[in-house]
Each structure stands twice: as C-alpha cells, then as structure tokens.
Amino acid sequence: MEIKLFDSELKVMNVLWREGDKTAKELSTILNADIGWNQNTTYTVIKKCVAKGAIARSEPHFLCHALISREEVQAAEAEELIGKLFDGSANQLFAALLGQQKLSGEELAQLHRLIDQLETEDKDEPD
C-alpha cells in the first residue's frame, strides 16, 4: 500500500470501517458528535482521502466508500514503525512492547495462539 494517511484522515476512515458506506453529510454529523469537527473540516478531509485514493465518492449525496481496508493500513503502518524505530526488526518491536506492558493471562494466551497459528501456516507453505 502506497497511501500514507494522516491522523485526521484516519478519523474519517475509522468511521467508514466501523459503520460502512456513509454520505459526506452523515460522516460530518458523526465526526461532529465524536470529535467536534465542523462540516467544512470533514469535507476537506474527505476530499484529501479521495485525492489519495483511500475513498471513492459517488452519487447520490456524495456517498463515501473506503477503498482500502483497516488491515492494509495497519500492516503498512506497522511495517513503517518497525523500519523507522526498530531497524526493521519485528523482534525488537515485540520486546519493547512486552517489556513495557503487564499482560493478563488471557492476553498472553491470545499471543500464544497467534504464534501457534503462524507457525502452523509457515509449516503448511511449500518451500
């Protein structure tokens, strides 16, 4: 993914990911209630997202549709973070995260399940 989204753009995208397609007016109403944005601010940010190819806007009523998924953005942002702050090492990122946080038993169990799943998928892939 080549699209770099700023925090304001992510706020618009989060609404679309959470609630599905919305008109520009509906997005404006939601973002006004959530974070106090006025209509002009919302429309400006939508326009930027459209220009970047993150949102498609169509009639009627400027219906907005997310063209990129939350997972795509999360993966790209994680890759950038690892490259910038951890010399490309996911191990260093996880060590930093786990060293700073007290995880519950359930959170640790979830991490173990994820690691087991990834190991199984890795074994199933042909070399």
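Structure above, values below:
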{"read-out": "Helix 39-52 vs. the chain, principal-axis angle (Cα, 0 to 90°, nearest 10)", "value": "60"}
{"read-out": "Highest-first arrangement of 31-43, 80-92, where packing means the average Cβ count within 10 Å", "value": "31-43, 80-92"}
{"read-out": "Accessible surface, per residue, of the chain when the full set of protein chains is kept, probe 1.4 Å, Å²", "value": "71"}
{"read-out": "Degrees separating the helix 24-35 axis from the principal Cα axis of the chain, which is the longest one", "value": "60"}
{"read-out": "Distance-filtered residues of the stretch 7-31 - backbone nitrogen under 17 Å, label point 7 angstrom along GLU59 Cα→Cβ", "value": "23-25"}
{"read-out": "Two-site label geometry, GLU107 and THR29: point separation in nm, points 7 Å out along Cα→Cβ", "value": "3.7"}
{"read-out": "Inter-part distance where the stretch 105-127 and the stretch 1-19 are each reduced to a Cα centre, Å", "value": "29"}
{"read-out": "Between 0 and 90°, nearest 10: helix 90-100 axis offset from the chain longest Cα axis", "value": "90"}
{"read-out": "Structure-based [θ]222 nm, the chain - -39500 (n - 2.57) summed over DSSP H runs of at least 4, per residue, nearest 500", "value": "-22000 deg cm²/dmol"}
{"read-out": "Full-stretch length increase - ASN91, ASN14 - with 0.36 nm per residue and alpha-carbon distance subtracted", "value": "24.9 nm"}
{"read-out": "Extreme residue, positive dipole direction of the stretch 24-76, given options ILE68, CYS49, LEU31 (C-beta unit charges)", "value": "CYS49"}
{"read-out": "Full-stretch length increase - ALA75, ALA51 - with 0.36 nm per residue and alpha-carbon distance subtracted", "value": "6.5 nm"}
{"read-out": "Simple Cβ-charge dipole of the chain, Lys/Arg +1 and Asp/Glu -1, about Cα centre, in debye nearest 20", "value": "960"}
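The values are calculated or read from the model by the stated rules, or taken from the named source; none is laboratory data. From a predicted model like this one, the values you see are computed outputs, not experimental measurements. Glycine gets a Cβ as well: all are built from the backbone with ideal geometry, and neighbour counts include every protein chain shown. Heavy atoms of the whole protein, side chains included, go into the accessibility calculation; ligands, DNA and RNA do not. Shrake-Rupley method; radii C 1.70, N 1.55, O 1.52, S 1.80 Å.
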